[in-house]
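Presented below is the structure to which this report refers.
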Ligand SMILES: [Zn+2]
């Protein structure tokens, strides 16, 4: 499926935690920014509870600025904007507060293309579910938001079901560097090189094996079908 973005597009990558956007679609965002679209990463929570049990036992604490600053560093020099809504992580609910908070930010950014988490996934993080549900709900009231794309769940054993494959071969090294910016999360398998390379090869092997055999790297996205039935009209 061709997915053409133009300088008139305003992409909002709406995620739950400070490292999610890099894991799900760092290369995609870089490509779309290079195509001239405005791109903003919006992080719902500050992520202070994203700390390992070992670190917590060692007395390490995070403040509300720590992890959003790591995200900002991940996008330094890319012309991609990053903002954090400062909500508390771990117990997000797709309730009126979350939906209206998201609606406000999407309206302010004049979002035409929304990227977010997968909606229906068994063992993905509970905050990912909440953000995806609230974002889809809010997007229905954003004039001009004609495309919603969902990243693959982060769970290691989830099979690829994306139908939009974005070739990120030229950005895989940058993606690995961006993931390393999340120093407070170091040691987590899903930020490391083996998992990231595997995850970027898997969509190719599933859908485009010839390209996978050539070493191409991908990010897989799943569109919301309802909105695809509504052809984009852009200024
Ligand atoms: Zn997350």
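Throughout, read-outs are computed from the coordinates displayed, never taken from laboratory work. These numbers come from a predicted model, not from an experiment. With ideal geometry, Cβ positions are generated from the backbone for all residues, glycine too; neighbour counts draw on all protein chains shown.
Below is a table of values for the structure above.
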quantity: Cα coordinate range in the stretch 130-175, projected on the principal axes (Å, largest first); calculated: 36, 25, 20
quantity: Residue order, fewest to most beta carbons within 10 Å, for 23, 102; calculated: 23, 102
quantity: Inter-probe distance in nm under a simple model that places probes 7 Å from Cα toward Cβ, at residue 88 and residue 170; calculated: 4.5 nm
quantity: Relative contact order [Cα under 8 Å, 6+ residues apart], the chain, whole percent; calculated: 24 percent
quantity: Computed [θ] at 222 nm, helices only, for the chain once each DSSP H run of length n ≥ 4 contributes -39500 (n - 2.57); calculated: -11000 deg cm²/dmol
quantity: Whole-Å semi-axes of the ellipsoid equivalent to the chain (Cα gyration tensor, √5λ, descending); calculated: 25, 23, 17
quantity: Proxy reagent accessibility, fewest Cβ within 10 Å first, across 205, 32; calculated: 205, 32
quantity: Beta bridges by DSSP in the chain, antiparallel share as percent, to the nearest 5; calculated: 30 percent
quantity: Three-way shape label, the stretch 41-143, alpha-carbon gyration tensor, a/c 1.5; calculated: oblate
quantity: Burial ordering of 107, 40, 54, 112, fewest other beta-carbon atoms within 10 Å first; calculated: 54, 107, 40, 112
quantity: Largest-first principal axis extents of the Cα set of the stretch 170-223 (Å); calculated: 37, 24, 17
